[in-house]
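The values are calculated or read from the model by the stated rules, or taken from the named source; none is laboratory data. Just so you know, these numbers come straight off a predicted model, no measurement behind them. Here Cβ is always computed from backbone atoms with ideal geometry, including for glycine, and neighbour counts include all displayed protein chains.
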Amino acid sequence: MPHPCSDHSGEGPSVLDLPIPDSLKAEWASLASRRQFLTRAGKSLAWASLASLAARSSTPALASAPEAAMLPHFAPKAKRAIYLFMAGAPSQIETWDHKPQLKARFDQDLPESVRGGQVLTGMTASQTRFPIAPSIFDFKQHGQAGHWISDLFPHTAKVSDELALIRSLHTDAINHEPAILLINSGNMVPGKPSIGSWLSYGLGSVNEDLPTFVVLTSKLPLFANIQALSSRLWSAGFLSPEHAGVALRSGGDPVIHLSNPKGVPSEIRRAMIDGVSDLNRQLHERIGDPETNARIAQYEMAFRMQTSVPDLTNLSDEPESIWEMYGPKAKEPGTYAYNCLMARRLAERGVRFTQIFHRGWDTHGDLPNRMKILCEDVDRPTAALIADLKQRGLLDDTLVVWGGEVGRTVYSQGGLSQTNYGRDHHPRCFSMWMAGGGVKRGTVYGETDDFSYNIVKDPMHIRDLNATILHLLGVNHERLTFKFQGLDQRLTGVEPAKIVKDLLA
């Protein structure tokens, strides 16, 4: 019988028989030596051990296992993380950084000594004055910790004692695209792995039936000033593509191309995967291309996901009490509330890193009205996620992070009135919060000046944020590296980054 890869006549040469250039062999061998589940020296024994990964398959699956003996580097406080990313940059002055003294400074010019000659974006650089715009929203203290929280977050206020507020974050970028790349991948240049991909690479999978890194993009509550999102925010960069985030869609198939084509039963698809995997194994035996292992693993994962994903997205087993917690929007696929409920279900199933993106926070104008809509959309589901994780015993080992890519200016962009104003991008200070696994509950870290313009205590660069997130998951950010372009690449880059111990329980 002709080989499946021979030409249609059965007489042509197999792809596996074609010559491989020595330079390509050397490149693959170099890559394979870095971090492969199978080494060429021990592949026979390793292949025999794979059967347990594919108990439902006649073909062994190849998992992308990291250096298990090395990672985690120490006992983790969190087993998994959920990152609630507010794309477009929420204003810290309307949310978590209470500045009551600004009301007396309404419409006064921001002192030049405060602005300090800062380079401005093109959207406000031509303004002749920079009038101070106090928040029109009130703040109140909540919980035993006494966190000052905006009235825009009445539900989150109820779980405020679980939060560690960070008010002194700063970044190197002033515009959205470089800033959102920087906080997600540690670099303003596209092509670097995202934080979820680094964790997938370093820690591997907990549930072999679901991806290690899942991305959920929420439906838009607003349709103006929407920050664009692209897959490079959850890209694996120079890591193996199996470490990229898998985006779950709100319509049609949750994962594109996951379902079998019409008329193709599961048994036929299984046989097809078996055949392709057999060819890939032969190719790996011959030349050791490390990406071959990734292809086998991805085929197998896709096949298992045909069962696991429908189970994940079938919410019929959720009791009425859960729908009450998350709110009526949770029953609409793709909403932020639905995605928060999905994040809890993913956490229950052992998914290592879940990232929810929520857009619309680019409030250059009409800020009061926009913030009401945005905060209402995320407030109740966010609080429900925290409470739901806690009642299930998952919050203790699930890290939850909430925030965006930059902050907002205290001065108004464009016109200013008592009821309407906007704010430009501001990289010098912004706020986020963390909760759950290993985080010191009820704490506040960092302080800004009276204008929420400059940091006056405990500055925290986003490199420090990422180093701290990795630490909570048991990873030393200086040791999680990958050789690429002659450099030991890492999420926190080559500049100094510190773990903020004051945020650790």
Could you please find all residues in the stretch 453-494 being acidic (Asp, Glu) and within 18 Å of residue 170 (Cα to Cα)? 458, 464
Taking the stretch 197-245 and keeping residues under 12 Å from the mean Cα position of the chain (by Cα), surrounded by fewer than 19 Cβ atoms within 10 Å (Cβ to Cβ) and aromatic (Phe, Trp, Tyr) leaves none
Can you tell me which residue in the stretch 370-405 is nearest to residue 341 (Cα to Cα), limited to those that are small (Gly, Ala, Ser) and out of contact with any helix residue (DSSP H, G or I) (no Cβ under 7 Å at 6 or more places or on another chain)? 393
Residues located in the stretch 448-466, provided they are part of a loop (DSSP other than H, G, I, E, B) and of a type in the set (D, E, K, R): 449, 450, 458
Scanning for something within 19 Å of the chain's Cα centre (by Cα), surrounded by 15 or more Cβ atoms within 10 Å (Cβ to Cβ) and of a type in the set (Ser, Thr, Tyr), does the stretch 448-465 turn up at least one residue? no
Is it the case, given these coordinates, that residue 428 is basic (Lys, Arg), under 25 Å from residue 132 (Cβ atoms) and modelled with pLDDT of 95 or more? yes
Determine if the stretch 99-107 includes at least one residue that is closer than 24 Å to residue 446 by Cα, basic (Lys, Arg), within 34 Å of the chain's Cα centre (by Cα) and surrounded by fewer than 18 Cβ atoms within 10 Å (Cβ to Cβ). no
Does the stretch 470-485 include one or more residues that are assigned to a strand (DSSP E or B) and buried (at least 17 other Cβ atoms within 10 Å of the Cβ)? yes
Find all pairs meeting these conditions: Cβ atoms under 8 angstrom apart; at least six residues apart or on different chains; first residue within the stretch 451-477 and closer than 30 Å to residue 100 by Cβ; second residue in a loop (DSSP other than H, G, I, E, B) and among the basic types (Lys, Arg). 451/99; 452/99; 453/428; 454/428; 455/428; 464/498
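Which of the following residues is of a type in the set (Lys, Arg), in contact with a Pro (Cβ under 9 Å, 6 or more places away or on another chain) and more than 19 Å from residue 386 (Cα to Cα): 423, 428, 463?
The conditions single out 463.
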Taking the stretch 363-410 as the search range and keeping residues that are surrounded by fewer than 24 Cβ atoms within 10 Å (Cβ to Cβ), of a type in the set (Asp, Glu) and touching a His at 6+ places or on another chain (Cβ under 8 Å), which one is nearest to residue 247 (Cα to Cα)? 377
State which residue is nearest to residue 164 (Cα to Cα) when the search covers only the stretch 486-499 and only residues that are surrounded by fewer than 21 Cβ atoms within 10 Å (Cβ to Cβ) and without any contact (Cβ under 8 Å) to a residue 60 or more places away in the chain. 499
Here are some conditions: (1) in contact with a Pro (Cβ under 8 Å, 6 or more places away or on another chain); (2) among the small types (Gly, Ala, Ser); (3) crowded, with 23+ Cβ neighbours inside 10 Å. Residue 194 meets all but one. Which one does it not meet? (1)
If you take just the helices (runs of 4 or more DSSP H) that sit entirely in the stretch 139-228, which of them hold at least 2 residues that are touching a residue at least 24 places away in the same chain (Cβ under 8 Å) and within 27 Å of residue 364 (Cβ to Cβ)? 154-157, 176-185
Can you name the residue in the stretch 329-366 that is small (Gly, Ala, Ser) and assigned to a loop (DSSP other than H, G, I, E, B) and, of all such residues, is farthest from the chain's Cα centre (by Cα)? 365
